[in-house]
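Chemist: Structure in structure tokens, see below.
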Amino acid sequence: MKNDSSTSAAPMKGLVGPLRSSEPARALPAVPPAVYLLEEAADLLVVHLDFHAALETCERAWQSLAEEPTSGTVVEVKCSLCVVGIQALAEMNRWREVLSWVLQYYQVPEKLPPKVASPALGRCGEPPPLSALQKEPPGRLDPLSPGSAV
């Protein structure tokens, strides 16, 4: 093993600056496993277009949050999981299941955060399915393409 004097003599970096040998290391707050599951669910939804797997991942994340103490991070993760789950249900054209799916986690509509209540309670403000965003609308002209009328 090569002894590199530049790394062995360098001070360890802490959150604010270099740690002194007399300072205790500051630990970052533990990240709930649901955060990683949320990232996985979003990836399955947006990148892989695997809506069923995204919904199942959201459900697994919700189960893991049952044991977490309520904090700002947990509340935000729960809200985001619902948004991803609602979008996954919408992509599968399962809008009728959205409210019951959300209420299994929030119990009553009055507890729904605004980000969740809007798409869960009515389709008037529903987000368009991702599949619709990936296709060009019929009859739309690209102003930069040759032969298009400006």
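Chemist: In a shell of Cβ-Cβ distance under 11 Å around residue 101, excluding residue 101 itself, what net charge do Lys and Arg (+1) and Asp and Glu (-1) give?
Modeler: Net charge in that neighbourhood comes out at 0.
Chemist: Let me ask another. Taking K and R as +1 and D and E as -1, what net charge do the other residues with C-beta under 15 Å from the C-beta of residue 69 add up to?
Modeler: -2
Chemist: Quick check: with the 1.4 Å probe, what order do 64, 118 take by accessible area, largest first?
Modeler: Putting 64, 118 in descending order of accessible area: 118, 64.
Chemist: Same structure again: Along Cα→Cβ, 7 Å out, is where each label goes; now give me the distance between the ones at residue 31 and residue 66 in nm to one decimal.
Modeler: About 2.5 nm, to one decimal.
Chemist: Follow-up. Kindly report, to the nearest 10 Å², the accessible surface of residue 76 as traced by a 1.4 Å probe over protein heavy atoms only.
Modeler: Estimated to the nearest 10 Å², residue 76 gives 90 Å².
Chemist: Just add up the charged neighbours of residue 113: K/R +1, D/E -1, any other residue whose Cβ is under 12 Å from the Cβ of residue 113.
Modeler: So the surrounding residues net to +1.
The values are calculated or read from the model by the stated rules, or taken from the named source; none is laboratory data. Just so we're clear, the structure is a prediction, and the values are computed from it rather than from any experiment. Every residue, glycine as well, gets a Cβ built from its backbone with ideal geometry; the counts of neighbours run over all protein chains shown. Note: accessible area is taken over every heavy atom of the protein model, side chains too, but ligands, DNA and RNA are not part of it. Shrake-Rupley method; radii C 1.70, N 1.55, O 1.52, S 1.80 Å.
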